[in-house]
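Taking it in order: structure first as structure tokens, then the write-up.
Derivation of every value follows stated rules applied to the coordinates shown; laboratory data play no part. All values derive from a computational prediction rather than experimental measurement. Here the Cβ positions follow ideal geometry from the backbone for every residue, glycine too, while neighbour counts run over all protein chains shown.
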Amino acid sequence: MKKEIAQFIQLQSSKGLSPLTITAYRKDLLQLENFLQKYFEGEIIIDEISRIYLRDFMRELSITGRKNRTLARKAIVFKNFFEYCLKSGFASKNPAINLKIPKYEKKLPKHFTKIEMEELLNIPDLTTKFGIRNKAILELIYSCGMRISEVANCQLKQVDLPNKIIKIIGKGRKERLVPIGKFAVRAIVKYLKYRPQFVSEYSDESLFLSKSGRALSSDELRAILDRYIRLVAKTKGYSPHSIRHSFATHLLANGADLRAVQEMLGHTNLSTTELYTHLSLTDLMDAYKQAHPRSKKKD
């Protein structure tokens, strides 16, 4: 089973999935392999794995306190893995095809208010080259709703400043074109004047470079943004991804078309984007309750 897992993981990596997603897939499958070992004396034979084994594994995870969100992810990974084995000739059936995917409540993503976003965007110290770079990063994410991994992988050639457009390469190597707002354009233009100061022998054509001249990694970007976010966030639960959430929420709150926002975010399913609609409605209800003279009256 180890060989099949390795090949499946390699295939997923080639699809452009994030390292964190790949790590989670590998961990899920190795955990399953370890559980299945008790049913086999020697090597685990893919074609002898039954749905009952998988159901027992899921039940054990549930008993030990795994939440439905985690169980749902594992069930989907197992379905995809065994489907891969079936198509690749490693198995004659998919034992996970009827495996139940637990339902779970999707959490509404945390986002910053417009005032908080202004505070966040104004934190970088523009008297330093690092502050100028970080300001450009913040403005770009908020202007275009980019994922951190998409910013880390962004190349100079993807940014068309004269036409105020960026080509974003998202999950699964899917490309999308997104407008860049004027504030982000200004910030990037200013950063590009200072970018040569970051260039070293290690540099490539990545848009954002680190102190050493290498491309800023996703982890480095998160560390930079986390420092700023801690200065603005009033409660726990905010992350660099909250800037992307703010992009979507603020667009929809101001009347943007849902499908246009879906396209800009790079969501495959409209239902994922609709989460931000619910978030906007929550904001509207809060504003109503605070402002309307009869909203606080008891029935």
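A few notes on this one:
- Among Gly266, Gly237, Ala223 the positive-end extreme of the charge dipole of segment 114-290 (Cβ point charges): Ala223
- Cα-derived Rg over Rh, computed across segment 90-157 with Rh taken as Kirkwood radius: 1.28
- Among the listed pairs Lys15/Lys157; Lys93/Lys171; Lys135/Lys164; Lys15/Lys211; Lys171/Lys236, those whose Cα-Cα separation exceeds 25 Å are Lys93/Lys171; Lys15/Lys211; Lys171/Lys236.
- Between 0 and 90°, nearest 10: helix 218-232 axis offset from the chain longest Cα axis: 60 degrees
- Paired Rg and Dmax values of segment 1-117, which use every Cα atom, in angstrom: 16.5, 62
- Folded to 0 to 90 degrees: helix 51-63 orientation relative to the chain principal axis, Cα: 50 degrees
- For segment 1-67, the spherically averaged projection of the C-alpha convex hull amounts to 5.2 nm².
- Relative contact order (percent, whole number), segment 1-87, Cα cutoff 8 Å, 6+ residue spacing: 36 percent
- Here the dipole of the chain is about 740 debye; that uses its Cα centre as origin and unit charges on the Cβ of Lys and Arg (positive) and Asp and Glu (negative).
- Less than 5 angstrom separates the built amide H of Leu209 from those of Leu216, all sequence-distant by 5 or more or on a different chain.
- Computed [θ] at 222 nm, deg cm²/dmol, the chain (DSSP H ≥ 4; -39,500 (n - 2.57); rounded to nearest 500): -17500 deg cm²/dmol
- ³J(HN,Hα) computed for each position of segment 109-118 - Karplus, 6.51 cos²θ - 1.76 cosθ + 1.60, integer Hz, glycine/proline x: x, 6, 9, 8, 6, 4, 5, 5, 5, 4
- Nearest 10 degrees, 0 to 90: helix 129-144 Cα axis against the chain principal axis: 70 degrees
- Ranked Tyr39, Tyr142, criterion: other C-beta atoms within 10 Å, fewest first: Tyr39, Tyr142
- Option label - volume of the Cα convex hull per residue in Å³ computed here, alternatives (1) 133; (2) 188; (3) 164: (2)
- Calculated diffusion of segment 114-290, Stokes-Einstein form, Kirkwood radius summed over Cα pairs, 4 °C and 1.567 mPa s, µm²/s: 77 µm²/s
- For segment 131-209, the relative contact order works out to 36 percent when only alpha carbon pairs closer than 8 Å and six or more residues apart are counted.
- Qualifying chymotrypsin sites (Phe, Trp or Tyr not before Pro) in segment 162-245, DSSP loop, other Cβ atoms within 10 Å at most 14: Tyr202
- Using C-alpha pairs under 8 Å with a sequence gap of at least 6, the mean separation divided by the residue count of the chain gives a relative contact order of 16 percent.
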